[in-house]
Amino acid sequence: MSELPSGTVTFLFTDIEGSTRLLEQLRDRYADVLAEHHRVLREAVARFAGHEVDTQGDAFFVAFSRAGKAVGAAVAAQRALMTLTWPEGVDVRVRMGLDTGEPTVGGDRYVGLRVHRAARICSAGHGGQILLSSATRELVEDDLPPDVVLRDLGERRLKDFERPERLFQLVVEGLEDRFLPLKASEAVTDSFVGRERELAELERSLEQALGGRGHLVLVDGEAGIGKSLLADEFARRARAAGAHVFWGRSWEAGGAPAYWPWVQALRAYVRDARPESLRADLGTGAADIAQLVPELRELVADLPAAAAGAESGGARFRLFDSIAGLLRNASRRRPLVIVLDDLHAADEPSLLLLQFLAPQLTETRVVVLGMYRETELEGDHPLRPALAEFARAPGTLTLSLAGLTRADVPLLIERISGTHPAEGVSDAIHGETEGNPLFVVEVVRLLVAEGTLHDVGEGRARRVALPAGVREVIDRRLRRLSEDARRLLTLASVLGREFTVDVLAAVSEVRTDAVLDLLDDALAARLLTEAPGAYGRLRFSHALVREALYDELSQFLRIRLHRRAGEALEGIYSANVGPHLAELAHHFFKAAPGGEVDKALEYGRRAGEQAVNMTAYEEATRLYRMGLELLDLREPPDEELRCELLLRLGDSRARAGDMAGAKETFLEAATLAKTLNLAEQLGRAALGYGGRFVWEAARGDPHLLPLLEDALRELPEVDSHLRAKVLARLAAGPLRDDIDRKRRDVLSREAVEMARRLGDPATLAFALDGRYNAVWSPENLDERLDLSFELVSTATEAADKERALQAHHYRALALLEAGDIPGVYAELDAKAKLAEDLRQPAQRWYLASVRATLATFQGRFEEAEELIPQAFALGERAQGSIASIYRVIHLHALRDAQGRLDEHEEPVRRAVADFPTYVVLRCILAHLYGELQREREASALLEALAADDFAALPMNEEWLFGMSLLADVAAAVGNEGQVAAMYEVLLPYADLNAVSAPDSCRGSVSRNLGSLAARLGRRDAAMHHFDDALAMNARADARPWVAQTQYDYARMLHEVGGPDNTERTLQLLADCRRAAGELGMRSLLERASRLDEAARLGRPST
């Protein structure tokens, strides 16, 4: 091998554009294409004395000792490639990049930045294009052949290089010279002036982010006020400081996929990340993020499928949590700046993701810069509540932009016009524009184009009338374009704020090269720009430019053009329509009044399904509503399709957390289904109305029971998955509070048997879940343990981790009832592993709730104080307002143990008023009154609840817990009949703990029986019960309940009297006082101390 050229060397990098696509298309024949490509390249390199340094696949790396030789080889190769005919008519296009410098030679290769810069220059181009660095241009520009000229493409940011590079294109006669925008963004802007205060704030945020405390910065301002320019300048400075900058823009014209701003930013990260760091940054959330960025599956090997069967809120939580983890991990290596433009046009799921991330940014090295127009936030715009949430997040900064000052405007005019404004010009322009940068820039460009800039100002205003507004300026500037160029831009306005040349060519039915020629004038006039961070896309320089064009279209012309756009997009995206469903739905929806209703409905339905799969439930809701609106245009009306769309709408609203709206929609669907005799749709509506948990009783809801009853009656009496679920849902939900337990037993048993016959593990798991809740009572603990064991194995077979976790949850509570504390903790460990996999609020809530219950039960009160708010936060996210019930029960147990029930009265009273159908809350209130020695109120509640043999308390999961509370009340203030009745009712459950699922455990029921027996004068029975309770509570390490039992036991013995009893009384009280003091049980310690004093002095207890 000859020696590598040294000294000043010019590098040429080449590769085939779209080589993977060619390989897939040509398969075995691609080898012939590659061989011919290599032959042409090597002949050109040899002809101009180049040195082939390396060849990998279709990429060449060549070194030349003279820059002119390198240019000659590139031109010769492109000309030769153009003459070839390729198999199957494919187009083989090669991009080339050249750079010149003095590289270091290391053995048989070059090292240093020049090598990487030349490679990046090549990557920035397109097939058929030859790009040169400024260093190469300086060496060759005076010696180019007459048929070769240079075109200045401006300064560009190359990947991994902080300093911009000015790039030039070789324009060669006979070769293509019009290309899409470079795959490297522009480096500078000429219209940024002023904003020193705002930039200082942004740079301060960046400085803090570099130190590990990220920020959300929101910038508000009217159209054209300079938000994007500020972001551009900040992004430039952030890159210079070592940050990685990604952009995401909302699609103001509609039709963008869900999460579009985030998709753009994440795609840019994926594109730029090194493979070895990509997997590490993604962590366990790679499969979730791949829902938004499907190309991840091509880059990350062995990526698992996203978790199936997860509940909607949990699926979205997991996605959001995965993105938060990615940003956190990626920013540890290099700080990140994410710019989100036009948030006022963002879809609601994108705003929810930002709400999720905002409070976490202070623990990352991430700055998120969001820009929006307050003037666009009308009515119930989703950004309004989002802004309130952002404001509550730590580290959020809001900046409002006003017009430029008089001192700033002359510099801006000079930047735009290239000349310093004459006296009076700047003041006149500032006065008319109020310093709005876009208005200033557009006015100056217009006046420069008209040659009247210097005729403006003091004493000359009558000679040149300034435009009255920025729209007038834009209109006048657009009129300066050719008719064909303006017509083309009008078509582009139908596509949206951004578009690609190939799509515009298809819509306009104009050849791509002609489209490029027409767009060139618009680019030169700065009416169009390249879309930063979205290579290959063009963008109207401002939304107002696009609006000015679109607003000129009549309604009927818009319909025709949207239809043409939709049909063109169908053709372009036919091989992979999935990512473009929302865009197609948008165009055909706009075209629907002209007769494209069916296409609009079909694309809208598919886009809605896709949005649900992406957890973009609000976007799905919008699309399904759009479909229902379209049905009004259809003749004859399709009422069955309307019912289907209503069911989908109800589902998406429920998944979005709008359960009230979902119920309203499901009721409408159910009414329509009954009218049309659609039994299956009626069943789906009933299940949807009931919510996602099989155990939700919907207490106080007048519709759930009749809906499920109607569905069961209408569904065919044959085995089906739907009928099995309706049976289980009816038995486990609204019938769970029914005093008549037989029907729910029969229905839930039928559901399980039917599911077994169907042989579907998922349906059987649903039925077993329903059966467990339908028969949940203290008298069938063994059956429930068996059911939970089968539910674990069945859910595992169905790959349903959510229901498997539910089964472990049931087992933990059942074992807590049985007093098997090691078993409880084993189930908690199993739940924790599944909860970590699922990362869903509902399952984390279960886990935190039981942990909080155990902390209170076992006397770890400080831990309970921390866990209860955590459990409530998770429960509120998973179950909404119902979570407040569980918090009340949690806190009642904790405040009771601490002797602080007086602090808890108001929350309990409020809960009783807000949730009157939750009987257990009245039991808690009665107990609270009894403990606070408000005997009249306690007695009144006890009497009401004890009526008809405690008929108010259904035999369900809360029955034993509620009876335990009332037993304490009866022992203190009840009459003999009430006490005797309660003793007999509770006696069969003496060996159980009284548990409220999942928020409280009151220890051994034997303690209650001891107190009741003592009131009845059954001293021996009472002693037996107290001894059993002490043993059971001690085995559970339930120190608060051991202490409470010791006090209750001592009180009974003191009342009996006698020397032996006194000795035992004092011993019990000594142990009780010691434990109460150590645990901080203030009230119990005071009562035990008073009783101890009375026992020592031989006085009766008080």
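Note that segment 77-86 has calculated 3J(HN,Hα) couplings of 5, 5, 5, 5, 5, 5, 7, 7, 9, 9 Hz, one per residue in order, obtained from phi through the Karplus relation 6.51 cos²θ - 1.76 cosθ + 1.60 (θ = phi - 60°); glycine and proline are x.
Backbone phi angles across segment 42-50, fed through the Karplus curve with coefficients 6.51, -1.76 and 1.60 (θ = phi - 60°), yield HN-Hα couplings of 5, 5, 5, 5, 5, 4, 10, 6, x Hz in residue order; Gly and Pro are listed as x. Against the chain, whose longest principal axis is taken from its Cα atoms, helix 721-732 shows a tilt of about 40°.
Helix 1059-1079 versus the longest principal axis of the chain: what is the Cα-based angle in degrees, 0 to 90, to the nearest 10? Around 10 degrees separate the two axes.
Extent of segment 638-775 along its three principal axes (Cα atoms, max minus min coordinate, largest first): 39, 31, 24 Å.
Remark: segment 380-387, residue by residue, has Karplus-estimated 3J(HN,Hα) of 9, 3, x, 6, 4, x, 5, 4 Hz, where x stands for each Gly or Pro and the curve is 6.51 cos²θ - 1.76 cosθ + 1.60 at θ = phi - 60°. Approximating the spin labels as points 7 Å out from Cα along Cα→Cβ, the Phe161-to-Ala46 distance works out to 3.2 nm.
With unit charges on the beta carbons (Lys and Arg positive, Asp and Glu negative) and the dipole taken about the Cα centre of the chain, which residue among His51, Gly595, Ile338 sits farthest to the positive side? Positive-most Cα among the choices belongs to His51. In terms of packing, defined here as the mean over residues of other Cβ atoms within 10 angstrom, the peptides 401-408, 346-353 line up highest first as 346-353, 401-408. Computed extension length for Glu937-Leu987: 15.3 nm, one decimal, from 0.36 nm per residue of separation with the Cα-Cα distance subtracted. Given +1 at the Cβ of Lys and Arg, -1 at the Cβ of Asp and Glu and no other charges, the dipole of segment 9-172 around its Cα centre is 160 debye to the nearest 20. Each principal axis of the Cα cloud of the chain was evaluated for its coordinate range; sorted largest first, these ranges are 123, 77, 66 Å. With the convex hull of its Cα atoms as the shape, segment 9-172 has an orientation-averaged projected area of 9.6 nm². Relative to the longest principal axis of the Cα atoms of the chain, the long axis of helix 470-479 lies at roughly 40 degrees. A simple charge model with +1 on the Cβ of Lys and Arg, -1 on the Cβ of Asp and Glu and nothing else charged puts the dipole of segment 581-692 at about 340 debye relative to its Cα centre. Between the residues Ser881, Thr853, Leu815, the greatest Cα displacement towards the positive end of the dipole of segment 754-897, with unit charges on the Cβ of Lys, Arg, Asp and Glu, is found for Ser881. Residue pairs exceeding 29 angstrom between C-alpha atoms, taken from Lys674/Lys725; Lys69/Lys159; Lys674/Lys801; Lys183/Lys227; Lys590/Lys725: Lys674/Lys801; Lys590/Lys725. Per-residue ellipticity at 222 nm, computed for the chain from helices alone with -39500 (n - 2.57) per DSSP H run of at least four residues, works out to -19000 deg cm²/dmol.
Computed from the Cβ-Cβ distance with R0 of 51 Å, the FRET efficiency linking Ala832 to Thr104 stands at 0.40.
Of the options Gln840, Phe192, Tyr989, report the single residue whose Cα projects farthest towards the positive end of the charge dipole of the chain (beta-carbon charges: Lys, Arg +1; Asp, Glu -1). So the residue furthest toward the plus end is Phe192. Beta-bridge orientation, the chain: approximately 60 percent antiparallel, per DSSP, counting only bridges with both partners inside. So if the hydrodynamic radius of segment 568-669 is defined as the Kirkwood radius over C-alpha pairs, what does Stokes-Einstein give as its diffusion coefficient at 25 °C and 0.890 mPa s, in µm² per second? Estimated diffusion coefficient is 179 µm²/s. When only the Cβ of Lys, Arg, Asp and Glu is charged (+1, +1, -1, -1), the dipole of the chain relative to its Cα centre reaches about 1260 debye.
Indicate the gyration tensor shape class of segment 481-552 (rounded, prolate or oblate), computed on the Cα atoms with a ≥ b ≥ c the square roots of the eigenvalues: a/c under 1.5 is rounded; otherwise a/b larger than b/c is prolate and the rest oblate. It comes out rounded by the Cα gyration axes.
Values in this text are rule-based calculations from the coordinates and carry no lab data. These numbers were taken from a predicted model, which means no experiment stands behind them. Methodologically, a virtual Cβ is constructed for each residue, glycine included, from the backbone with ideal geometry; neighbour enumeration extends over all protein chains shown.
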